[in-house]
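Below is one structure, written out as structure tokens, with a few remarks after it.
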Amino acid sequence: MIDLKNPDLYVGGMPYAGFADLRTAGPVRWNPEVDGAGFWAVLGYEEIVAVSRQPDLFSSAYENGGHRIFNENEVGLTGAGESAIGIPFISRDPPTHTQYRKFVMPALSPARLQGIEERIAERVTRLFAQVPLGEAVDILPLLTVPLPLLTLAELLGVPADMWHDLHRWTDAFVGEDDPDFRQSPQAMQAVLGEFMAFAAALFEDRRANPGPDIASLLANAEIRGEPVPLGDFIGNLILALVGGNETTRNSINHSIIAFAANPEQWEALRADPALLPGAVKEMVRHASPVIHMRRTAMRDTELGGKAIRKGDKVVVFYPAGNRDPAAFADPDRFDIARPVRQHLAFGSGTHVCVGSRLAEMQLRLAFAEMARHVRTFEIVGEPSRVRSNFINGFKRLEVKLVP
């Protein structure tokens, strides 16, 4: 029996065959834990949607354990036991969660994104010009890592050259199970110290000099009539960093691999760029860059034929739901012309990703630029993947972009 919590399970790639085998016995199964009471693993599309759309029944609140497979109220947001990090709004239930979203949404409104699209396109062109065509390169530091981080720097109103620091900090926050990202407790504390100093200075500056950027909106939020405390600002800043770049970065990486394995799909996209808006939705579905989100049952209920008890931990697995044949025909196939159906890679319901439009825009612009210059993709060697049960990501991806 496979343990869906074990980060080693994902190092060689997403266990889609394992998900499918488990789902044949039902969309919800019990997963024991060696370091806990166990949890209900939710693998079916409809069941994941049902959990996601009932926050009163399935809580993501910090005091109930939070949104990660570990208990945030015991080990902290990043799994590092850092008490100075407050509660991000992903670990809040409505109405508090909804109030935070209202503060953030103006920075991600269609009007704001329309203004930013041209700058992202220029960024893509500039980054891609530095990618040597026809030879094996690690595409991460050249394109897929800096692109979303440069966009995030703009949205936060911080200098563009900070993207290197944002990268280091983000990897440390989500890499609790990868020794390359968490080399030692001392190293993690040093990274946290750097980030805390940056966040505290940013908080004070945006309180004194607010602007239209996300950092200003988060620093000046008022929840239940009270100013947001520094700790919660820090927690929300971590959420913005992780949510704002990990999904986009790894959707691009996974899609390069998918196009290399399905050259006819790349040829179709190059022949008809009008396919891109729908294609990016298929790219994100197929990639499923976030593996899990956790909820806690607030009362006895039933899900997928299983009796769920109050207090039970319920963990939804997005890659499994996005490959559920009950929701997607031939779900393992990468098909950029697939009829659009709402996938789960951005979440669902109350906590659906606020930056999904921005992520899709960056994918669309990145692959539009590559379609103008790249005939085929060739993966060189075995990609190096992050050891994680949370992020379906890469540390290195050697690829040859054939001009």
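Structure data summary
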| read-out | value |
| --- | --- |
| Probe 1.4 Å, protein heavy atoms only - accessible area per residue of the chain in square angstrom | 39 Å² |
| Qualifying trypsin sites (Lys or Arg not before Pro) for the stretch 301-341 [loop in DSSP, other Cβ within 10 Å: at most 14] | ARG309, LYS310, ARG333, ARG341 |
| Beta bridges by DSSP in the chain, antiparallel share as percent, to the nearest 5 | 90 percent |
| Long-range lysine pairs (8 or more apart or interchain), the chain, Cα under 29 Å | 9 |
| Backbone HN-Hα couplings from phi across the stretch 381-393 [Karplus 6.51/-1.76/1.60, Hz, Gly and Pro as x] | x, 9, x, 9, 9, 6, 7, 7, 9, 10, 10, 8, x |
| Burial ranking of peptide ranges 97-109, 286-298, 123-135 (average Cβ count within 10 Å, highest at the top) | 286-298, 97-109, 123-135 |
| For the chain, calculated [θ]222 nm from helices alone, where every DSSP H run of n ≥ 4 adds -39500 (n - 2.57) | -14000 deg cm²/dmol |
| Contour minus Cα-Cα distance for ARG341 and VAL34 (0.36 nm per residue) | 106.8 nm |
| Stretchable slack from ARG375 to GLU264, in nm (0.36 nm times residue separation minus alpha-carbon distance) | 38.9 nm |
| Coil-residue trypsin sites (Lys or Arg not before Pro) of the stretch 203-292, DSSP, other Cβ within 10 Å capped at 15 | ARG224 |
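The values are calculated or read from the model by the stated rules, or taken from the named source; none is laboratory data. Worth saying up front: this structure is predicted, and the values here are computed from it rather than measured. Counting neighbours? That spans all protein chains shown, and the Cβs are built from the backbone with ideal geometry, glycine included. Heads up: the accessible areas ignore ligands, DNA and RNA and are worked out on the full protein's heavy atoms, side chains in. Shrake-Rupley method; radii C 1.70, N 1.55, O 1.52, S 1.80 Å.
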